[in-house]
Amino acid sequence: MQKVVKKINSGLKGSVTIPADKSISHRAVMFASLANGKSLIKNFSKGRDPLSSLNVCKALGIEAEFKNDFLIINSNGKFFAPSKPLDCGNSGTTMRLMSGILAGQNFNSVLIGDESLSKRPMKRVIEPLSLMGAQIKSCDFKAPLNIIGKSLHAIDYVSKLASAQVKSCILLAGLNAQGTTSFTEPYVSRNHTEIMLKYMGANINSDENTVTIEKSELEPKTIEICGDISSAAFFIVAGLIVPNSKIILKNVGLNPTRTGIIEAAEKMGGHIEILDKKAVSGEIVGDIQISYSELKACTVEGKLIPRLIDELPIIAVLATQAQGTTIVKDAQDLRNKESDRIKAVVAELKKIGANIKETFDGFIINGKTPLSGGIQVESYHDHRLAMSLYVAGLICENPISINGFEWVDISFPEFAKLFNSIIL
Ligand code: S3P
């Protein structure tokens, strides 16, 4: 599907309730499935990725039903051998987290994915799981993953990557392994797994960059899912770069392991105010007010990277409107996402008039540059690319057409409708 985006002349005004967090939705359905009893998940994401996790859990014998605003999960705390390969679709989170759960089951299973997921690296989970006694056959460390169920033992694993997917995979394997498993990462990545497992009664503890977990049973719970800051990020940037804008984003998750986008935008001079903070199911949630701002360049690197990893494409758009040279580095893993996001973002922003250069681990952008547009751009079958280009289109002199805009549905099917509601 092609989407035409035109320049906005009047500014963005009003408020938007941000839909459910994708990362937390994956975890909610998986962990509720592992608990013995009935769990209620409020505000489960309608994105295709979390639905892949739900379908995988159903294929493993879990009963699930949507009722009003709830997803109800009924489980006896056990999965059953699937009758066919488990389809993770486009979702790396589904494949990597489920591999940690399935490696320690008393049955075999196969995880498959779409074209993009089948190209993504799985060595990062296969290697540590093998150290725990898992047996996984793959295609040169890529999907399909043939998992031979084994009983697992604990390990102390020191990861070179700061990755919440790898961390969660090992913690979930540790939940069902003999002994105490520890996972240490160079910088702290998103910690939704730790928060939710604790909330559901697991014996799990964090100390700086290390998490430890012991074999534990999970209790069924009511889990309320907050809005996704990675979805809010597109509105944050649009509010900052579309002249005369003032918007409020409601019910946004503000877990400090995810708020790198707010820190980076504030460092660039963005006017952002947090209103009404509260705790919901162990996560911090609040409203965010954004006003159009004069921006300056900054450097994004090091421990900030895992705290805004999914926001780097939209940060590139933001940087085109900041005075000076913005440098993004230490983000090489961006090449292993739904697309090579370094290559893709540089190629497409160049097409619409940005002054941007690719580096091996990020990009360098010189601003402030007016964006000319008037051209077709590609989504690379990548939801975050499609949404970043949409926001860029709002300030392009001439309309742009985005090819493959339907990929937005992976994380944020409500995206265009919500934008339309604040365009005057
Ligand atoms: C996610 C972790 C991140 C992120 C992805 C979701 C998660 O991936 O990019 O969109 O839910 O744990 P990595 O762990 O590979 O950095």
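The values are calculated or read from the model by the stated rules, or taken from the named source; none is laboratory data. Model, not experiment: these values are computed from the prediction. Here Cβ is always computed from backbone atoms with ideal geometry, including for glycine, and neighbour counts include all displayed protein chains. Surface accessibility is based on the protein's heavy atoms, side chains included, excluding ligands, DNA and RNA. Shrake-Rupley method; radii C 1.70, N 1.55, O 1.52, S 1.80 Å.
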Please enumerate the residues belonging to region 273-286 that are open to solvent by 20 Å² or more (accessible area, probe 1.4 Å) and without any contact (Cβ under 8 Å) to a residue 40 or more places away in the chain.
GLU273, ILE274, LEU275, ASP276, LYS277, LYS278, ALA279, ILE284
Which listed residue is in the same structural domain as ALA143 (by TED's automatic domain parsing), in a loop (DSSP other than H, G, I, E, B), of a type outside the set (Val, Ile, Thr) and open to solvent by less than 10 Å² (accessible area, probe 1.4 Å), from SER45, SER39:
SER45
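Matching residues to (1) in a loop (DSSP other than H, G, I, E, B); (2) surrounded by fewer than 22 Cβ atoms within 10 Å (Cβ to Cβ):
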position	(1), (2)
LEU334	no, no
SER339	yes, no
LEU349	no, no
ILE364	no, yes
Search result, residues across region 281-319 that are more than 14 Å from the ligand (Cβ to nearest atom) and assigned to a loop (DSSP other than H, G, I, E, B)
SER281, GLY282, TYR292, SER293, GLU294, ALA297, CYS298, GLU301
Starting from region 249-265, take each residue that is within 18 Å of SER281 (Cβ to Cβ) and touching a residue at least 12 places away in the same chain (Cβ under 8 Å) and list its partners that are in a loop (DSSP other than H, G, I, E, B) and of a type in the set (Gly, Ala, Ser), counting only C-beta distances under 7 angstrom and pairs at least six apart or across chains.
THR257/SER189
The conditions are (1) part of a strand (DSSP E or B); (2) within 23 Å of ILE195 (Cβ to Cβ); (3) open to solvent by 10 Å² or more (accessible area, probe 1.4 Å); (4) at pLDDT 95 or above, and GLU263 fails exactly one of them. Which is it?
(1)
Report, by residue number, each residue of region 62-107 that is crowded, with 19+ Cβ neighbours inside 10 Å, more than 16 Å from HIS26 (Cα to Cα) and under 24 Å from the mean Cα position of the chain (by Cα).
ALA103
Across region 74-113, which residue is farthest from GLY133 (Cα to Cα) among those that are among the basic types (Lys, Arg) and either in the same structural domain as ASN336 (by TED's automatic domain parsing) or part of a loop (DSSP other than H, G, I, E, B) (or both)?
LYS84
